[in-house]
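The values are calculated or read from the model by the stated rules, or taken from the named source; none is laboratory data. Nothing here was measured: the structure is a model prediction, and the numbers come from that model. With ideal geometry, Cβ positions are generated from the backbone for all residues, glycine too; neighbour counts draw on all protein chains shown. Calculation scope for accessible area: heavy atoms of the full protein, side chains included, ligands and nucleic acids excluded. Shrake-Rupley method; radii C 1.70, N 1.55, O 1.52, S 1.80 Å.
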Amino acid sequence: MSPAVGRSGPVDPAPGREATPGSQGGNDAPDGPESPGGRKRRRRGARGEQTMVPEAEFTSYYGRPIVKPAPWEVDIPAYLFAGGLAAGSSLLAAGADLTGRPALRRTGRLSALAALSFSLGALVHDLGRPARFLNMLRTVKLTSPMSVGTWILSAYGGPAGVAAVAEIAEMLPRTVLRGPLRLLPAAGRPAGVLAGVLAPPVAAYTAVLLSDTATPSWHEAYRELPFVFVGSAAAAAGGLGLLAVPTSQTGPARRMAVGGAVVEMLAERQMERSMGITAEPLHQGKAGNLM
């Protein structure tokens with residue numbers, strides 16, 4: 001009959017029959033320090049302690065993933081990158097307009113419109129039908145990152161589009177601009193400044209979308225991921241400005257590219273430290289090679 005067990009351990013244990021943690025079975029209790037059993041234990045200790053408990057292995061039910069992988073294809077990465085590029089270009093164009101750099105302003109406005117169009121196209125293609133995007137505008141749900149992000153993107157798209165059209169109108173001959181079209185160049189500055197004000201939320205809200213999912217490596221990065229996305233958007237827009245603008249006007253683009261790259265790198269390093277074990281997928285397999 002087994003002895004009773006209380007809070008402090010066995011009650012009335014049988015002498016010489018207690019189990020020794022870390023042992024490999026057998027009764028070693030009677031052996032003294034100079035007995036053969038004691039000498040064997042010392043020899044085992046010299047080689048390293050051998051326990052009967054195996055190393056823990058983290059497995060899931062029948063090898064299935066604990067969290068289902070995101071069903072997104074290449075459309076979503078394209079949507080994320082192009083949206084950030086559009087936001088950074090609008091911010092750069094607004095600053096160029098206020099500081100008298102027409103070539104940089106033109107590049108920023110046109111790049112923002114092109115990147116925004118590509119981003120919306122990729123998003124709609126992933127959704128399957130354009131009506132799904134429009135249906136999200138029927139309500140405003142502040143607790144839903146998707147709902148808030150849809151409204152931010154919609155509010156930004158109008159001014160960015162007007163600023164780009166105004167830039168195109170300024171490149172046309174004056175004889176073409178008749179009637180209400182003559183007002184387009186005057187609408188460029190207010191529309192461009194408004195697009196620049198809305199640009200940072202556009203670059204950051206997609207990071208909130210990712211970190212609000214159940215994927216551990218995205219969810220645990222919620223503290224730093226918006227800074228990573230904003231820095232990436234600034235670096236991309238600055239780099240594009242350097243490619244398309246004369247060097248006499250690229251000062252803001254250079255500073256934006258370098259500053260964005262530094263912010264992205266520092267935020268990413270801090271992100272990987274704060275994520276703990278969930279940062280392992282960033283350094284393994286295909287994701288590790290891309291990083």
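Do any trypsin sites (Lys or Arg not before Pro) in the stretch 189-273 lie in a loop, going by DSSP, with at most 13 other beta-carbon atoms within 10 Å of their beta carbon, and if so which?
Arg223
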Worksheet item: Tell me, what is the per residue accessible area of the stretch 207-291 in Å², probe radius 1.4 Å?
Response: 57
Worksheet, complete the sentence: Accessible-area order for Met52, Met256, largest to smallest, probe 1.4 angstrom, reads Met52, Met256
Worksheet entry | Length gained when the stretch Ser144-Leu127 is fully extended (0.36 nm per residue, less Cα-Cα span) | 4.4 nm
Fill in: Nitroxide proxy distance, nm - points 7 Å out along Cα→Cβ at Ser248 and Leu98
2.4
Practice prompt. Can you work out the PRE-style zone for Ala56? Point 7 Å along Cα to Cβ, and I want the residues of the stretch 270-289 with backbone N under 17 Å.
Written response: 276-278
Discussion item. Which of rounded, prolate or oblate describes the stretch 115-204 when judged by the alpha-carbon gyration tensor and an a/c cut-off of 1.5?
Written reply: prolate
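Is the shape of the stretch 114-272 rounded, prolate or oblate, going by the alpha carbon gyration tensor and its root eigenvalues a ≥ b ≥ c, with a/c under 1.5 for rounded and a/b larger than b/c for prolate? If you can, show how the numbers build up before the last one.
Numbers: a/c = 2.62, a/b = 1.31, b/c = 2.00.
Oblate is the answer for the stretch 114-272, as a/c is 1.5 or above yet b/c matches or exceeds a/b.
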Fill in: Of the trypsin sites (Lys or Arg not before Pro) in the stretch 112-219, those whose Cβ has at most 12 other Cβ within 10 Å and which sit in DSSP loop
Lys141, Arg174, Arg178
Worksheet entry | Rounded percent of accessible protein surface that carbon and sulfur make up, the stretch 197-245, 1.4 Å probe | 72
